[in-house]
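Here is the structure we will look at, set down as structure tokens.
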Amino acid sequence: MKRADILTSRLVLLVGLVVLMLAATVQVWADATVQPTDTLTVLNELRAENELLQQRSRFTTGGLAMILIIAAMLVFLVINNRWNHRLEIKNRQLERERNVVVAQNKQLAIERDRAEAALKAKTAFMQSMTHEIRTPLNGISGFTQVLTMPDIDLPQAEKQKLSTNIQENIRLLTNILDDLLLISDLEGHWQLPTAEQTSATGIITQAVETVMPQKPATVTFDLPYKKVDDLLITTYPHMVQTILVKLLDNAVKFTKAGSITINFNNENGMVRFSVSDTGPGIPADKKDVIFERFSKLDSFIQGTGLGLFIARMSAERIGGQLTLDTSYSGGAKFDLFIPINPQQKS
């Protein structure tokens, strides 16, 4: 009995083990059947997550790249702006320096032109003065030799004529030297003398008497003013007389026949002296040229070309004005305007 019980219990155990083994096998097969489906799902999820991560990674990488590019551009713009500012400052400095150099070059060119003009004027002055001084000197020398030659017995009239020619050449030489000294005074810091009261007729009379010996016999002086018309003025008589003498010298030189008229009148606090002649006249387009230094409209006429230049410079020096009346058609007419009561100038 015991033995049968033992067998039965063993059989029951064996059957239980078999059942357990079958159950385990069935579970294994069940797990084996269910596992492929779960794995595909997981793989798909993993793939989706991986793709999402890749997209996020690409987006993040692109964003970072854009940020870096923008930052680099901002840095470049800042640096470029600074360099542009520096270049602009340098360009302004260079432009200012260039303008200074250009201005200096222009000034140097002006000074060079002035120096060249002064050199030309000096050369022309030396040539003109050499010729003008040599001419009367040669005349004086020649006439003196003729007078002192012991072998020639000249008539008294011929000797008188030679003596007159010598005196005329001495006068010309003296006038040239006086003109040079007067130009030096006028262009320097020469101080005018004290203005004094004098009569207009007195100045005219002295000027006419100075020029009278050079007047041709075919020319007459016309003095239309009268003593009752005399005018007292406060001025520089010597300077005014010098101007009138220069104007009368010019009229005598170019008037071969006819008359030379000198007059004056009061015009709004200014006294106007006028000198007119019946000579060939002066073209209107030469109204300023004739007052320039060494200006000569006729190179064959003896003279230095300084007379009218000195006359205008003297007129301006005493506060007056010397002009050519271009409306006058009977020859040449000059008008000298000076104040009746000028302020003292130095």
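Just so it is clear, none of the values below were taken in a lab; they were calculated from the coordinates. Because the structure is a prediction, the values reported are computed rather than measured. Note that each Cβ is placed from the backbone with ideal geometry, even for glycine, and that neighbours are counted across all protein chains shown.
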Point to revise | Label-point separation in nm, Gln127 to Gln104, each point 7 Å along Cα→Cβ | key: 3.6 nm
Exercise for review: Mind checking which of Leu162, Ile176, Val102 is farthest towards the positive end of the range 83-181's charge dipole, using Cβ charges of +1 (Lys, Arg) and -1 (Asp, Glu) about the Cα centre?
Suggested key: Val102
Check your understanding: Which whole-Hz ³J(HN,Hα) couplings does the range 66-74 yield from phi under the Karplus relation 6.51 cos²θ - 1.76 cosθ + 1.60, θ = phi - 60°, glycine and proline marked x?
Key -> 4, 4, 5, 5, 4, 4, 5, 5, 4
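For Gln127, what charge total do you get from the other residues with a beta carbon under 14 Å from its beta carbon, if Lys and Arg give +1 and Asp and Glu give -1?
Details: positive: Lys120, Lys122, Arg134, Arg293, Lys296; negative: Glu132.
Here the count lands on +4.
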Check your understanding: Using alpha carbon centroids, what distance separates the range 123-197 and the range 259-305, in Å?
Key -> 23 Å
Check your understanding: Under 20 Å from the Cα of Lys159, which aspartates and glutamates turn up, not counting those fewer than eight places away in the same chain?
Key -> Asp151, Glu168
Exercise for review: For the range 314-323, just list the computed ³J(HN,Hα) in residue order, Karplus coefficients 6.51, -1.76 and 1.60, θ = phi - 60°, integers in Hz, with x standing in for Gly and Pro.
Suggested key: 5, 4, 5, 5, 9, x, x, 8, 10, 9
Review point. Cross-link list Lys122/Lys287; Lys122/Lys296; Lys215/Lys246; Lys122/Lys246: which exceed 20 angstrom alpha carbon to alpha carbon?
Key: Lys122/Lys287; Lys122/Lys246
**Study point:** Net lengthening on full extension, Lys161/Phe221 (0.36 nm per residue, minus Cα-Cα)
**Key:** 19.1 nm
Exercise for review: Taking a cut-off of 17 Å between Cα atoms, list the aspartates and glutamates near Lys106, but don't count ones fewer than 8 places away on the same chain.
Suggested key: Glu95, Glu97, Glu116
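Give a quick list of trypsin sites (Lys or Arg not before Pro) in the range 199-275 that DSSP marks as loop, anything other than H, G, I, E or B, with at most 15 other Cβ atoms within 10 Å. If you can, show how the numbers build up before the last one.
Numbers: sites: Lys226, Lys227, Lys246, Lys253, Lys256, Arg272; in loops: Lys226, Lys256.
The qualifying sites are Lys226, Lys256.
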Check your understanding: For Ile260, which sequence-distant residues (separation of 5 or more, or a different chain) have an amide H within less than 5 Å of its own amide H, given hydrogens modelled in the peptide plane?
Key -> Thr220, Phe221, Asp222
Point to revise | Whole-Hz couplings from phi, Karplus 6.51/-1.76/1.60, listed for the range 268-285; x for Gly and Pro | key: 6, x, 10, 9, 10, 9, 10, 10, 10, 9, 10, x, x, x, 10, x, 4, 6
Review point. Using mean Cβ contacts within 10 Å as the protection proxy, how do 176-182, 115-121 order, highest first?
Key: 176-182, 115-121
